[in-house]
Amino acid sequence: MNLPNKITVSRIVLIPVFMVLMLAPLDLGELAIGQETIPYAHLFGAIIFIIASVTDWVDGYYARKLNLVTNLGKFLDPLADKLLVSAALIALVELQMAPAWIVILIISREFAVTGLRLVLAGEGEVVAANMLGKIKTWAQIIAVSALLLHNIPFEMISVPFDTIALWVALIFTLVSGWDYFYKNKDAILRSK
């Protein structure tokens, strides 16, 4: 297994660690910042999520720079992204920090686009990630990070950045999903 794929696998391995920090009844105390407090377990979980998210850029950079792009990497990288973001969103619903309906829409789009890619791959068509999809991923990561951090530091200036970021992520998620299906409508019709 090459270095970029090992980095991708590390992202997947960090997911259970993240989930334990976010959902296990750990009492590690709380950090007070202004009027907001954040449990240390959530702070550490947010840091793990952010580090894992950054590995998405790192593995891609090394895969291209060292010419180590593999079929395994093409499979694992988007899978790791979807697993990480979906786990975080589900944890946020469990913690009542994100509305379930928004999370359902975001995860449904991920399943739909993944299904589209699988159907088209069976027909010999490759659906590459486009710029809207990449913006969508980073919008989701920013929104999830802000929610995991309990909107710190924006809470100190009374700016609901976490809520705004979640809505931006939802919009990019839906628009990029529509874009994937629209751009591949001819291939979908041929795959009957």
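Residue by residue, here is whether (1) farther than 15 Å from Ala91 by Cα; (2) of a type in the set (Ser, Thr, Tyr); (3) in a helix (DSSP H, G or I); (4) touching a Leu at 6+ places or on another chain (Cβ under 9 Å) holds:
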| residue | (1), (2), (3), (4) |
| --- | --- |
| Ile7 | yes, no, yes, no |
| Ser10 | yes, yes, yes, no |
| Val13 | yes, no, yes, no |
| Ala41 | no, no, yes, yes |
| Ala52 | yes, no, yes, yes |
| Trp57 | yes, no, yes, no |
Residue check, Ala100 within 17 Å of the chain's Cα centre (by Cα), hydrophobic (A, V, I, L, M, F, W, C), within 26 Å of Ile38 (Cβ to Cβ) and loosely packed, with under 15 Cβ neighbours inside 10 Å:
yes
When every residue in the stretch 157-185 that is more than 22 Å from Trp101 (Cβ to Cβ) and among the hydrophobic types (A, V, I, L, M, F, W, C) is compared, the one surrounded by the fewest Cβ atoms within 10 Å (Cβ to Cβ) is Ile157
Boolean, Asp77 is assigned to a helix (DSSP H, G or I), within 17 Å of Met19 (Cβ to Cβ) and modelled with pLDDT under 95: no
Per the filter on the stretch 15-27, residues out of contact with any helix residue (DSSP H, G or I) (no Cβ under 6 Å at 6 or more places or on another chain) and not in a helix (DSSP H, G or I) are Ala24, Pro25, Asp27
On the given criteria, is Ile142 free of Cβ contacts under 8 Å to residues at least 12 places away in the same chain and either over 24 Å from Phe18 (Cα atoms) or not acidic (Asp, Glu) (or both)?
no
Is there a residue being within 14 Å of Arg11 (Cα to Cα) and among the β-branched types (Val, Ile, Thr) anywhere in the stretch 80-87? yes
Checking Tyr40, Tyr61 in turn, the sole residue that is hydroxyl-bearing (Ser, Thr, Tyr), surrounded by fewer than 17 Cβ atoms within 10 Å (Cβ to Cβ) and either in contact with a His (Cβ under 6 Å, 6 or more places away or on another chain) or within 17 Å of Leu148 (Cα to Cα) (or both) turns out to be Tyr40
Yes or no: Leu31 within 17 Å of the chain's Cα centre (by Cα) and closer than 23 Å to Asn151 by Cα?
-> no
Condition set at pLDDT 90 or above and not aliphatic (A, V, I, L, M), scope the stretch 6-28, selection farthest from the chain's Cα centre (by Cα): answer is Lys6
Of all helices (runs of 4 or more DSSP H) fully inside the stretch 88-192, the set with 1 or more residues that are farther than 24 Å from Leu76 by Cα, in contact with a Gly (Cβ under 7 Å, 6 or more places away or on another chain) and hydrophobic (A, V, I, L, M, F, W, C) is 131-148
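The values are calculated or read from the model by the stated rules, or taken from the named source; none is laboratory data. Please read all numbers here as calculations on a predicted model, not as lab measurements. Neighbour counts are summed over all protein chains in view; Cβ atoms, including those assigned to glycine, are modelled from backbone coordinates with ideal geometry.
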